[in-house]
Each structure stands twice: as structure tokens, then as C-alpha cells.
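Novice: One structure, as C-alpha cells, below. Some questions next.
The values are calculated or read from the model by the stated rules, or taken from the named source; none is laboratory data. These numbers come from a predicted model, not from an experiment. Cβ placement follows ideal geometry from the backbone for every residue including glycine, while neighbour counts extend to all protein chains displayed.
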Amino acid sequence: MIAAPFTVAAPAGARIRDRLRVTVVEAEVVRLIGEHLGRLQRADLAVRVRIGRVPVKENRRAERKKNLTAVSSSRWAGAMTRTSEDQYQLSLRCLFDERAGLRRAVHTIEKRLAVPCGQRSGRTRGFADQGERWAKQRRLAMLKSRLAQIEKRIEAGRPSIVVGGRRLARARHNLAGAQLTEAQWRQRWGDARLFLTADGESGAPYGNYTITVAPGDGSVSIVLPEPLRHLANAPRGRYKFSCPVRFTHRREEWLDRATANRAVRYDIVHDPVRDRWYLDASWSADTAVPPTPQEIREAGQNLLGVDLNATHLAAYVLDPHGNPVGEPVTVPIDLTGPTAQRDGRLRNAISELIHIARAHHCSGIAIENLGFEDARTTGRETMGRGKRGKTFRRTVAGIPTARFRERLRGMAYHQGLVVIAVDPAYTSVWGGRYWKNPLQQQNQQTTVTRHHGASVTIARRALGHRARRRPGVTARDRRIAERGTTGQAVPAPRTRGTASPPRTASTPDEGDKTRPRQGDQLTLFPDLQDRSEGHRTSLASRDSAGIGPYRQERFTPMAPGATLAPWTISRCSTRPCAPDFPPTRSSPTRT
């Protein structure tokens, strides 16, 4: 059962960044503040973990905040306790997800172990040989051991949290592999454990009292914790930086909130590789309800279908009736290198998609509702075996499905485009089977792949049309296409009452040709009223010159005093009829 398409929700907030060009002294002050608050926040997180899984009213947040206020400030304490609660709840959700993945993997292996090697039981296939079966038995024992540990942690409510990142913590034991010295690692480890986060507060000056950014001159000031008040250079225990901040990206939105004293959260972050300080501003967006797929279909606008792959994006523009328009689009993406470079290339690819959608007057972008979390957790049990299966798993792991979906949702929303997610079932299969060859015939100068066919299937599914291509939609011959094809998405009625004069053998057509062609032949048809009264025409068959028989219709004689009924001239596009020119030696005579 294919799930119905749905519109992706609008982004819940925004986050912008600008560089904080601090001096050496100011950088030292910021580092002292971050280290002091970081120690307090880690201690509070340890207390929260020891409390365990309890209702919200029993997490003792008020008591913990009171203890932190004595060594920092009330607002700093509120930000630290909120961060500790968020980290704890997120870690619990990760434990639940890991337990679900391990259970699926154990269930899959146990089902296959119940079937003898080389045999099938229904849709379950046994392992190829005894060697593979023995290896899977060992993996099953390992998975069950990990599952038991996860269930024990969930029952005790004690998730494993590494402040600073588990990957960086493991790099300490393999500095050569991480290409770091001990001093470089310690600097990165210290920067990752700094705490410089101030939650916004509606009604406070410029939306945040702890870290304040003035909209006029961009000056930045920060409240010092109680033990560091001796470093203040501004009234009321504040430290003011000499460098201004100018948010260029989405500056108008930030100004609207800051000048209206609406809540804005600020984070001070240090990049140890470039040795730069940055100030991030974030806020929650107003709730926006995007239009439903039914409303988008009723609007009668184009739609851009996109198929996400490991190395490129395949796209195609469709009209409101589900017909491909123009040429296929291929946007390459290179997801190698550092994280910042990968994110930049992904944003560049999404920007190109948005530019294409706006150039073709599309109302939205249709994508697959991909979620490879289950596939990544089950791993080798469901994604193939051997070298081919390993390559496929690496390809799946390299596709940034979640990041692409979130980036596309935010960037498309600010450009006035709607993102529609559809069921990914059989899109590539049907796209390659029903759309690849017809699209290649239409675009002979461009290489069409099955991924372009999948993008057409995705967009058609978002528009509510069937994914399979009807026969006769795409004609291979140009003359056949001029006569009109059958089975279109929207059938066009045949025109009646054309005013073109009868063609003769001596009348030149648009190519300075005098030879009549089959598509130019005209025939007489009575109107609907005369057909119901039984009027018919009679056409003789061809002579021995032999072009083939014509259809013969009998004529009912008119009553005395009757007049001829009106006739209409229409182009014949189904069966050949007698041409309306004077009879010749090789032409049939009209009776």
C-alpha cells in the first residue's frame, strides 16, 4: 500500500551567524567565562543523570537552578539546567532508537537461521552456506549482548553522555590516525566543552539580557558570572566587546525581533581550526500551515520532481496534468571532504534546484520521504551480502537524507515554495521501466537515466496521478505527434468545424509540396442532429490502381422538397477517407 503524499512542515525556527572579531584580551575573558560555566553545566548534567527517569515535576530543576545561581547568575543557571534536561532527554531517545534497531536486526537473523542453508521458507531465505551461517550466529550473539546492555541502561535511566563529543574523545587514543598532536587535541577538547549559551527572554532589552546585541551600532555585551565580576568594564557587572556584530543574512528578521524586545537566543562558538570566534543568533518562527497536496493540485501550477542520489540530484519539471516539460536536469553534488565543505556543496545544489523551480513557475518541489535509519541499523541483514552488498551499504550511508530534507525545507520555505514528500516505493523501478525510453526519445541530445524517470514518477505521485505511463503518451514519429496521441493525462476534445479549404493535388502545402499526405486528407461528417436522423454518405472503393479500400457508407434518399442538412468539415485522424479533389485516372470516382 503506497502512502499518500504530504507537505513537509515549515521550519520551526531560524539560526544566523556572524564573526566576533575579539582582541586577545577579550578572547581570554570569553574563554574564562566559557570554562567556568562549562564546569557548572557538566556538574548539573551529572546530577540530572543520577536522578534518572522521573516525571518533569520531580527532576528537581528549581533546586538545581538555585544552587547554580549562587556561583553564576539566575539567567545563566536557567540556561544550564535547560541544556542539561535537553541533553538527557535526547540521550534517552537515542537509547530507544538503538534498542529498536537491535531488535529488528536480531529478529531478521533469527528468521533466516530458522531456514536451512540454501532453501526458502515463504519469503524468508536461508543463508548460502554453513560458513555464512556460523558468522551470523556469532553476530547474533554480539547483537544480543549489546541489546541487553541497552535495555539495562534504559531501565536504570542512565544514558551515556559525552560532553564534547564521543568521536573527539575516542580520537585521544589514536592521535596519529586523527592527525593531531596532544596540544591540538586538548585545545579542541576544551573548546568543545565551553558553555556560552544564553536563552532569550521576551520583554528583556533587545530580546536577551545575558548576551545583548544592540540593533543600532551592533555592540555586544555579556553578563559576567559572580566569581568573574572583577573583569567587568561596563555597569552592572557586564563586559562590553569592542567589535560590533552585523548580521547580514536575514538581518531584517533579526532586527524585527530585537527592536520589538522579542526573545533571541545567542551562542558564542570558537573554531579551533581557524582560531575564530562566532556569535550565533536563533529564534523560533511563527507557526505556518503549508497548503495540502490537494490544494496545490487545484492551483494548477507546475511541480519539480527531485530524485536524491549519492552523487547527483536528478530532476524534472511536470505540468499540472503530470506531463514532463522541457529537458531533464542533473545537479552534481560532491559529498567528500570536511563537514563545512559538504554542507556548502549541498546548499549550493539546493539553491540550483530552487532557481530551476522558480524559473519554470513551479509551486513546489516533490521529494521522496526517504528514511534510511532502519536500513542502517539492520545493516548486513537486509541490504545485500558480499562485496556488492557492502558497496550498497556504503552508498546508502553516504546519502545525506535527513540533512538534505532539512536544508531543502528551510531554503524552499523562504523562497515561497512548498516541499511535498511522497512514498519512495518503486519510484526508481517504474521510472526506468515506463519513463526512461520515452523521455530519451524526446531528448535525444541529453542522456536520460532511470533517475530522471524516477523524478517524473515522484512528481506524478505528488500530483495525484498514477506513476505508470499510459500507452501512447509519447509518440516517436513527428507526424504521429502532429496528428495527436492517445492516452494523454488530460484528453483534448477533437475539434469540429474547421475552416480550412479542401486540399487538391495542385495546392501547395507548407513545404512547397503538391503531393497530399494522409494527415491532410479531409472528410465530410454530418452534425450530431443529422446523424441521429440517419443521413449517411456513400463512398466508392478504390480502383485497380490500388491504394487500398475506402470505407463505404450508404446514403438514405431525401424526401421530396427536403433541403440539405448542414455539414461540418473535420480532419480525419483514425481511418483514411476519400480525398476531396477531382477524380483522375488513378483516383476513385464519387457516386
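Novice: GLN187 passes all but one of (1) touching a residue at least 12 places away in the same chain (Cβ under 8 Å); (2) not in a helix (DSSP H, G or I); which number fails?
Specialist: The single condition GLN187 does not satisfy is (2).
Novice: Here is a check on your reading of the model: is ARG120 without any contact (Cβ under 8 Å) to a residue 60 or more places away in the chain, in contact with an Asp or Glu (Cβ under 9 Å, 6 or more places away or on another chain) and either surrounded by 11 or more Cβ atoms within 10 Å (Cβ to Cβ) or over 30 Å from GLY157 (Cα atoms) (or both)?
Specialist: Taking the combined requirement at face value, the residue does not satisfy it.
Novice: Does any residue of segment 2-16 turn out to be touching a Leu at 6+ places or on another chain (Cβ under 6 Å), outside the structural domain of TYR413 (by TED's automatic domain parsing) and hydrophobic (A, V, I, L, M, F, W, C)?
Specialist: No, because not a single residue in segment 2-16 is touching a Leu at 6+ places or on another chain (Cβ under 6 Å), outside the structural domain of TYR413 (by TED's automatic domain parsing) and hydrophobic (A, V, I, L, M, F, W, C).
Residue-by-condition table, conditions (1) under 29 Å from LEU40 (Cα atoms); (2) part of a helix (DSSP H, G or I); (3) touching a strand residue (DSSP E or B) at 6+ places or on another chain (Cβ under 7 Å):
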| position | (1), (2), (3) |
| --- | --- |
| LEU90 | yes, yes, no |
| ARG99 | no, yes, no |
| PRO116 | no, no, no |
| GLN137 | no, yes, no |
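Novice: Looking only at segment 414-432, filter to residues that are in contact (Cβ under 8 Å) with a residue 12 or more places away in the chain and more than 16 Å from the chain's Cα centre (by Cα); which one of those is surrounded by the most Cβ atoms within 10 Å (Cβ to Cβ)?
Specialist: GLY431
Novice: Is there a residue in segment 68-77 that is in contact (Cβ under 8 Å) with a residue 60 or more places away in the chain and part of a helix (DSSP H, G or I)?
Specialist: yes
Novice: Has segment 30-47 got any residue that is buried (at least 16 other Cβ atoms within 10 Å of the Cβ) and not in a helix (DSSP H, G or I)?
Specialist: Within segment 30-47 (the criterion being buried (at least 16 other Cβ atoms within 10 Å of the Cβ) and not in a helix (DSSP H, G or I)), the answer is no, since none of the residues qualifies.
Novice: Which one is surrounded by the most Cβ atoms within 10 Å (Cβ to Cβ), of the residues in segment 134-158 that are modelled with pLDDT under 95 and small (Gly, Ala, Ser)?
Specialist: GLY157
Novice: Scanning segment 209-251 for residues that are surrounded by fewer than 16 Cβ atoms within 10 Å (Cβ to Cβ) and assigned to a strand (DSSP E or B), which turns out modelled with the lowest pLDDT?
Specialist: ALA234
Novice: Can you find a residue that is closer than 27 Å to PRO11 by Cβ and touching a residue at least 12 places away in the same chain (Cβ under 8 Å) anywhere in segment 225-240?
Specialist: no
Novice: Checking the structure you have, find out if any residue of segment 198-206 is charged (D, E, K, R) and surrounded by fewer than 16 Cβ atoms within 10 Å (Cβ to Cβ).
Specialist: For segment 198-206, residues charged (D, E, K, R) and surrounded by fewer than 16 Cβ atoms within 10 Å (Cβ to Cβ): absent.
Novice: For segment 261-281, which residues satisfy the criterion of being surrounded by fewer than 18 Cβ atoms within 10 Å (Cβ to Cβ) and of a type in the set (Gly, Ala, Ser)?
Specialist: ALA263
Novice: Here is a follow-up. Going by the structure shown, is ALA258 small (Gly, Ala, Ser), modelled with pLDDT of 90 or more, within 29 Å of the chain's Cα centre (by Cα) and surrounded by 17 or more Cβ atoms within 10 Å (Cβ to Cβ)?
Specialist: No, not satisfied.
Novice: Let me ask something else about it. Quickly run through segment 21-46 and pick out the residues that are more than 14 Å from ILE222 (Cα to Cα) and touching a residue at least 24 places away in the same chain (Cβ under 8 Å).
Specialist: ARG21, THR23, GLU35, HIS36, GLY38, LEU40, GLN41, ARG42, ASP44, LEU45
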